[in-house]
Amino acid sequence: MDNSTVNHLKEEAAERAVQQLESGMVVGLGSGTTATLAVDAIGKRVSQGLRITGVPTSEKTAAQARGLNIPLIELGDTVAIDITIDGADEVETGTLNLIKGGGGNQLREKLVAVASARLLIVVDETKVVSQLGSRFAIPVEVVQFGWQTTAKRLRNLGANPRLRTEAGGQAFVTDGGNYILDCAYGPIASPGVLQNELDSVVGVVEHGLFIGIAWQAIVGGTNAVTVLHPDARQP
């Protein structure tokens, strides 16, 4: 599938997601290419009179939202977020478990997601998989100090960690000042077990496994936009 087709599918899914917003909501604003499309769509609705307050998950998203005149607050300035719209690198059918963090913002994305009453994921159909890890490595955010020893601990858990770098070869640094180790596991039989293992590794700040958090996924497909729910919510 070519890039123009993929982008069109993402746009359709983002437009559908933004239709769920209502005036008065506090809205988490995701990061990444698909979330950028959703923020653009939110900005259009704000210009037409929608009154929402956004909570950005990255500095890049914050700058985009300001340019669209979307009012912003920090996560610590709100009691609760009504809904967050974000993208994902992989969405597992049935569970709606996710891999996120391709853009390097999984820490802030997860902080906003768990503070939200609903996490709405927007993807194109290429991101939907039957088993997590089928196509993407798990981004694991680690402190810079001694990152090599953290990588060794992750390797002992079966990962194949690779330090994420910029185009010039220097290490990628997150908004929080940390490094990212992209950890390839292959298809993951027990994401919940792996989540617990990653949570226990000294030096790991956060990771891109989002287990049991997503409320709904809106998928842009070649034939139609479809809505996925976790198994318990399937009609």
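Coordinate-derived values only; no laboratory data. Predicted, not measured: the structure shown is a model, and the values here were computed from it. Note that each Cβ is placed from the backbone with ideal geometry, even for glycine, and that neighbours are counted across all protein chains shown.
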Test: N105 is buried (at least 17 other Cβ atoms within 10 Å of the Cβ) and either basic (K, R) or out of contact with any strand residue (DSSP E or B) (no Cβ under 7 Å at 6 or more places or on another chain) (or both): yes
Unique residue being closer than 15 Å to D89 by Cβ and in contact (Cβ under 8 Å) with a residue 60 or more places away in the chain when the list is H207, H229: H207
Hits in region 52-72 - residues which are surrounded by fewer than 22 Cβ atoms within 10 Å (Cβ to Cβ) and under 16 Å from G24 (Cα atoms): I52, T53, N69, P71, L72
Residue ID - nearest to the chain's Cα centre (by Cα), chosen from residues in region 210-226 that are assigned to a loop (DSSP other than H, G, I, E, B) and free of Cβ contacts under 8 Å to residues at least 12 places away in the same chain: A224
Filter result (under 26 Å from E12 (Cα atoms), of a type in the set (A, V, I, L, M), in a loop (DSSP other than H, G, I, E, B) and in contact with a Pro (Cβ under 9 Å, 6 or more places away or on another chain)) within region 98-151: L132
Criterion (surrounded by 22 or more Cβ atoms within 10 Å (Cβ to Cβ) and in contact with an Asp or Glu (Cβ under 9 Å, 6 or more places away or on another chain)) met by exactly one of I138, I85, I81: I138
Helices (runs of 4 or more DSSP H) contained in region 2-95 and holding at least 1 residues touching a residue at least 12 places away in the same chain (Cβ under 8 Å) and more than 30 Å from D231 (Cα to Cα): 33-47, 59-67
Qualifying position, being under 22 Å from the mean Cα position of the chain (by Cα), surrounded by 13 or more Cβ atoms within 10 Å (Cβ to Cβ), on the phi < 0 side of the Ramachandran plot and among the polar types (S, T, N, Q), among N178, N196: N178
